[in-house]
Amino acid sequence: MTNDTTGGCLCGAVRFAITSEPRVHYCHCGMCRRATGSAFAVFAWLPRPALHWLGAIPRTYRSSPIASRGFCGNCGAAITLDYDGSDEIALHVGCFDAPGRLAPAYHYGVEGRLGWVDIARHLPASRTKQRW
């Protein structure tokens with residue numbers, strides 16, 4: 001494994017490796033803002049079989065009727081976003097050992113983009129599709 005395919009949480013208890021190239025995007029929705037404590041999230045999506053846990057498995061929190069979020073049970077670092085019934089799972093790009101290689105290709109949830117967020121506006125953008 002190389003550091004562009006591995007990552008983990010702040011304390012190192014949760015570690016992972018991936019075996020496929022992820023699909024990376026910004027998410028500006030209100031749920032992701034609250035879950036990360038930041039202005040937006042950056043996710044790397046990959047097929048479930050391409051994710052391998054090397055350390056502790058994240059604890060999960062049911063964040064909505066359609067998704068759960070994984071976090072380290074020791075340090076609390078956000079690790080995953082997992083939609084019910086999806087063939088993919090998302091990892092927070094900031095958890096990768098070499099996050100600079102994982103450049104986002106588009107914006108999602110732009111109806112929630114904060115007015116002062118001025119990043120990569122040249123990328124394609126779409127509104128949130130999930131409603132419950």
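Any read-out appearing in this document is the output of simple, stated calculations on the displayed coordinates, not a laboratory observation. Since this is a predicted model, take the numbers as computed values, not measurements.
Remarks
- Remark on TYR108: its backbone amide H falls under 5 Å from those of TYR26, CYS27, HIS28, SER126, a criterion applied only to residues 5 or more positions apart or on other chains, H modelled at 1.01 Å from N.
- The chain - convex hull of the alpha-carbon atoms, volume per residue in Å³: 107 Å³
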